[in-house]
Amino acid sequence: MEVLVLTIDSEYESASKLGYKTSSYLGDFAHKFDNKIVIRWGNSRWLLDKSGNGKADFKNVLNEAAAIRRNCEKAKATKLMSLVVNVPTLWEKSVPKDVLAVVRPHEHSSGHGFSVKKGPFKVEDGTYAARYLDVTKEGAEYRVWFCGNKTMCGRRHKMECNPDEKYPCRSMWGYTFVDGISKELHNATLLAAKKIGLEFGAADVLFYKGKWYFLELNSAASLDHRVVREFFQTNLKLLIEKKFSKVQETLVPVVEVVRLPSQKN
């Protein structure tokens, strides 16, 4: 059965490295892809069902639209994760006096739109605040890639892109791959992913004062390194085989050919 990747324009170049046919648009009707497997790489666009009603998803899909949409609403996603893992304290109305907090829009990507402020201050509409955990003196930040029940870990290290900033955006830093991953972090990552509903992606995690704190999950991890690309290529294949093996055995080939729109790199 053919595997397709549905992504967003900004992630097209990265997602295409998986090796599957990739597009940011697969038409309007979900049922036309009942004979295919669709990997949603950060794209949460709903489709129409046979009757033309909205909020339909593909029959055979990895990372459902609802899960990606749930993860995009970062304050709500943080609250969900807090039920199973540690997260920084969250404020949506006001930040207490003398508390250092990171302020970000409810929906964001990378390090865009973030700032660090000391309370007291009111949290503006459309944003939320989370306690700033300073790991420059104690602890470190990690990225954990996950796919199915597999994980891989990398430790963030400082880059020269923002050396003079008092509170630099660490999501712009690079990382050094860690040889292995602790059982505690492995299990916590899978718990957080399951709570949001993501089958693959990446988690940004802080190790602070002896505990793991989850900042957020990412449903379209950048394939900016060979090791990351190979991790997802290998484990997406395993996940597809595990989840859709029975489906592939029973499907009847469809004569209709779906023409994908051309996409520039």
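Considering only residues in the stretch 223-239 that are aliphatic (A, V, I, L, M) and surrounded by fewer than 21 Cβ atoms within 10 Å (Cβ to Cβ), the one that is nearest to residue 154 (Cα to Cα) turns out to be 227. Answer yes or no as to whether residue 263 is closer than 19 Å to residue 38 by Cβ, under 17 Å from the mean Cα position of the chain (by Cα) and either at pLDDT below 90 or surrounded by 15 or more Cβ atoms within 10 Å (Cβ to Cβ) (or both). Considered against the rule, which asks whether it is closer than 19 Å to residue 38 by Cβ, under 17 Å from the mean Cα position of the chain (by Cα) and either at pLDDT below 90 or surrounded by 15 or more Cβ atoms within 10 Å (Cβ to Cβ) (or both), residue 263 comes out as no.
For the stretch 175-192, a residue qualifies if it is of a type in the set (A, V, I, L, M) and in contact (Cβ under 8 Å) with a residue 40 or more places away in the chain, and the qualifying residues are 185, 188, 190, 191, 192.
When 221, 192 are checked against the criterion of being modelled with pLDDT of 90 or more and part of a helix (DSSP H, G or I), a single residue qualifies: 192. When 40, 70 are screened for being touching a residue at least 40 places away in the same chain (Cβ under 8 Å), in contact with a strand residue (DSSP E or B) (Cβ under 6 Å, 6 or more places away or on another chain) and among the basic types (Lys, Arg), only 40 passes. Looking only at residues of the stretch 200-212 that are in contact with a Leu (Cβ under 7 Å, 6 or more places away or on another chain) and surrounded by fewer than 22 Cβ atoms within 10 Å (Cβ to Cβ), we find that the one that is nearest to residue 22 (Cα to Cα) is 204.
Scoring residue 59 on the criteria (1) outside the structural domain of residue 32 (by TED's automatic domain parsing); (2) farther than 18 Å from residue 196 by Cβ; (3) among the basic types (Lys, Arg) leaves a single failure, condition (1).
Return yes when residue 83 is more than 20 Å from residue 43 (Cα to Cα) and in contact (Cβ under 8 Å) with a residue 60 or more places away in the chain and no when it is not. Spelling it out, residue 83 is indeed more than 20 Å from residue 43 (Cα to Cα) and in contact (Cβ under 8 Å) with a residue 60 or more places away in the chain. Listed conditions (1) more than 29 Å from residue 8 (Cα to Cα); (2) in contact with a strand residue (DSSP E or B) (Cβ under 7 Å, 6 or more places away or on another chain) are all met by residue 60, apart from (1).
The rows are residues; the columns are (1) surrounded by 14 or more Cβ atoms within 10 Å (Cβ to Cβ); (2) under 19 Å from residue 218 (Cα atoms).
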position	(1), (2)
2	no, no
5	yes, yes
13	yes, yes
19	no, no
27	yes, no
39	yes, yes
44	yes, yes
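In this structure, is residue 248 at pLDDT below 90 and either assigned to a strand (DSSP E or B) or out of contact with any Asp or Glu (no Cβ under 6 Å at 6 or more places or on another chain) (or both)? Yes: the conditions hold for residue 248.
Once the stretch 47-57 is narrowed to residues that are free of Cβ contacts under 8 Å to residues at least 24 places away in the same chain and surrounded by 15 or more Cβ atoms within 10 Å (Cβ to Cβ), the residue that is farthest from residue 12 (Cα to Cα) is 48.
The values are calculated or read from the model by the stated rules, or taken from the named source; none is laboratory data. Since we're looking at a predicted model, the values are computed, not measured. A quick note on method: Cβ atoms are made from the backbone with ideal geometry, for glycine too, and the neighbour counts reach across all protein chains shown.
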